[in-house]
Amino acid sequence: MVLKERQEGVLILTLNRPEKLNAITGALLDELYQVLKEAQEDPGVRALLLTGAGRAFCAGQDLLEFGEGKPDYEAHLRRYNRVVEALAGLEKPLVVAVNGVAAGAGMSLALWGDLRLAALEASFTPAFVRIGLVPDSGMSFLLPRLVGFAKAQELLLLSPRLSAEEAQALGLVHRVVPGERLLEEALALARELAQGPTRTYALTKKLLLETYRLSLTEALALEAILQGEAGRTQDHEEGVRAFREKRPPRFVGR
Ligand code: T3D
């Protein structure tokens, strides 16, 4: 259900249930969690790229997974939450290539990307409220941070279907490209990141997430601690040396 392909330092993950618009099942969540955990621990993986097979990125929870029965939502969400924690805590950059519709938890997955590209024909819809559910998979946390509280209220209560360009105007997407160039552009970006100072990316991601809940004084203290850590990396040394020698740096990710 999750295809994996390695291209140099980039791990490409493709949600692969195209006949179901890559809708999420418990089994898919467990597989995704496993793959993310392995990627986190593998020093050879220095950037990830997530996309969907077929015409959709991901239609969110598979609404037919539980047949006529109702799932125990609280228990089911624990399977979601560990994936979201793995994405949020991923110490490597994640590029997301939204190739088609991203709905519900599928939209959340897309938003957890550090850099988000969308095909011109992609679309985004929170979807939760349309089936009487509250936002989950981190959507209530991330959306107001990305678009502001007022816009998040509107998106979550009305659940419109946004075009890729509308999503870009709101800051949900960084770049919109023609569908036929999406993977090529996303891969070029992931490759660029895979050559970068991986540890520094991890620390930068951590700062961006953490400082939201901190006071200025606490945020400055955390910056100092993490700068201390970044300053001890080989990549920092190399960056400064390369600057002095007027040449591009050769980062090793440590
Ligand atoms: O534990 C829990 O369950 C709680 C967790 C919740 C997390 C969530 O993600 S809640 C939100 C769940 N997702 C949705 O509500 C989205 C439902 N789907 C749609 O609104 C639309 O299908 C789309 C906007 C995604 C795409 O629309 P469109 O017009 O491009 O395609 P379509 O014709 O509606 O769908 C094509 C097929 O995919 C269709 O099947 P069929 O008729 O060809 O056999 C449709 O039923 C199927 N499909 C689409 N979304 C889902 C799905 N099948 C199962 N689950 C889906 N989410």
For residues that are within 14 Å of the ligand (Cβ to nearest atom) and without any contact (Cβ under 8 Å) to a residue 40 or more places away in the chain, scanning just the stretch 18-40, find the one that is farthest from the chain's Cα centre (by Cα).
Glu19
Members of the stretch 63-90 found to be within 7 Å of the ligand (Cβ to nearest atom) and either assigned to a helix (DSSP H, G or I) or touching a helix residue (DSSP H, G or I) at 6+ places or on another chain (Cβ under 6 Å) (or both), listed by number:
Tyr73, His76, Leu77, Tyr80
How many of the residues in the stretch 41-62 are outside any loop (DSSP other than H, G, I, E, B) and more than 9 Å from the ligand (Cβ to nearest atom)?
8
Return the residues of the stretch 121-138 that are under 27 Å from Arg191 (Cα atoms) and either surrounded by 24 or more Cβ atoms within 10 Å (Cβ to Cβ) or away from the ligand (no atom under 15 Å from the Cβ) (or both); say none if nothing qualifies.
Ala122, Phe124
Out of all the residues in the stretch 166-177, is one or more at pLDDT 95 or above, surrounded by fewer than 17 Cβ atoms within 10 Å (Cβ to Cβ), within 14 Å of Arg116 (Cα to Cα) and more than 18 Å from the chain's Cα centre (by Cα)?
yes
Could you identify the single residue in Ala118, Ala102 that is part of a strand (DSSP E or B), closer than 29 Å to Glu19 by Cβ and within 12 Å of the ligand (Cβ to nearest atom)?
Ala102
Between residues in the stretch 145-166 that are within 16 Å of the ligand (Cβ to nearest atom) and residues that are among the acidic types (Asp, Glu), which pairs lie under 9 Å by C-beta distance while being six or more apart or on different chains?
Pro160/Glu154; Pro160/Glu166; Ser163/Glu121; Ala164/Glu121
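The values are calculated or read from the model by the stated rules, or taken from the named source; none is laboratory data. Everything quoted here is computed from the prediction, not taken from an experiment. When we count neighbours, we look across all protein chains shown, and the Cβ atoms used for this are built from the backbone with ideal geometry, even at glycine.
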